[in-house]
Amino acid sequence: MGLFNKRKEPNNATATSGGAVSPKQRSVAQPYSMSTKPSFGQWLKLTWLDILTMAIFGAIGLGVYMAHPAPNRSFAVTFSDREVVYPEFAYPLRKEIVPIWAAALLAALVPIVVILFMQIRIRSFWDVNNGIIGLLYSLIGAAVFQVFVKWLIGGLRPHFLDVCKPDISLATSQAARKGYNAAGFNSIYFTREICTGDINEIDDSLESMPSGHTTAAFAGFVYLYLYLNAKMKVFANYHPAMWKLIALYAPILGAVLIGGALTIDEYHNWYDVFAGAAIGTVFAFSAYRMVYCAIWDFRFNHIPLNRGQPALFNDGMELSHAVWTRKVGWGVDHGMGGKHGHGHGHSGAGNGYDTGYGAGPGTGVPRRPVGSNGADHMV
């Protein structure tokens, strides 16, 4: 049957009345079943616009990343007694603890590996599809956003003066007259015309804010955090085991460590890291909600959204079984009419998606005598 076709659900995706599709309707994504794996052609028909958009914006982001910084930022070097004005920009250039390519690779590959691993139980092509496409939304969107901020605003890296290698005597040269050299109070401010270092390193050291490493890390790992919470039902309608809390926050720890390392190797200021974390987190939340039914609503946040029809948020939704956990009836295959989202126990009697909490009899938590074997309920 294949890894992604374990469960078959009735296909409630119907075309227009009579089966006819008008030319106007051809421009709109048609309903399709998410209970079966599509052919490559069917998948490409649904996804080609996203692929094209990602390619275009990826190319735009790369072009902006390679461009010279837009602003000609002023900086102070030393006072008249040779004391450095801002020692926080005079750190030595060091080797990166986590290179940018490694941060981006980890932010992409770790979530993808986890999403694929989850399919041992979930076994849904569309869960993989929505999970990975949502991840790419987050990573690419955040990357393009942050490179524009770097290019148009930027800031000085902690090792800027070491890379710039300023020669104040150049302030009187013809080229230096184009900038703001020997300007400001007591004439202590200069622009990049007095720098004698490598031009590419100077460009890079003028684009500190926000941190690209941290943006990528939080865009990927916060997205993974949301995915794990939905699939393991950590914050749901039952008391989960502690290992789930640890597994849930492991990606956040990874993102924080990547961002924090940048303050050790002096590639970024703390506020650069904070800005990158904020950008990555916003895009992670936005991207996840674009491809799944909810973020915090535990009843629906595990269900992938269909491109061709709206989610009805009832007990007949496709892929309502698409979770990792098997506690209190989650993940039990009841087909399109399963009522395990709200209720405790495998039947969830009287407590389906459409009835609210605690309604009707049979909604209590099944109790076991103290000392009975409960090891099978720890997953």
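Some points to look at:
- Restricting the range 280-337 to residues that are of a type in the set (S, T, N, Q), over 30 Å from Gly259 (Cα atoms) and buried (at least 21 other Cβ atoms within 10 Å of the Cβ), the residue that is modelled with the highest pLDDT is Asn306.
- Being modelled with pLDDT of 90 or more, in contact with a helix residue (DSSP H, G or I) (Cβ under 6 Å, 6 or more places away or on another chain), assigned to a loop (DSSP other than H, G, I, E, B) and crowded, with 20+ Cβ neighbours inside 10 Å holds for only one residue in His340, His268, and it is His268.
- Taking the range 238-265 as the range and being surrounded by 23 or more Cβ atoms within 10 Å (Cβ to Cβ) and in a loop (DSSP other than H, G, I, E, B) as the test, no residue passes.
- Scoring Leu109 on the criteria (1) surrounded by 13 or more Cβ atoms within 10 Å (Cβ to Cβ); (2) closer than 30 Å to Trp43 by Cβ leaves a single failure, condition (1).
- Of the helices (runs of 4 or more DSSP H) lying entirely inside the range 156-237, those containing at least 2 residues that are touching a residue at least 12 places away in the same chain (Cβ under 8 Å) and of a type in the set (Gly, Ala, Ser) are 212-232.
The values are calculated or read from the model by the stated rules, or taken from the named source; none is laboratory data. Given the structure is predicted, the values throughout are model-derived calculations rather than measurements. FYI the Cβ positions are ideal-geometry reconstructions off the backbone, even for glycines, and counts take in every protein chain you see.
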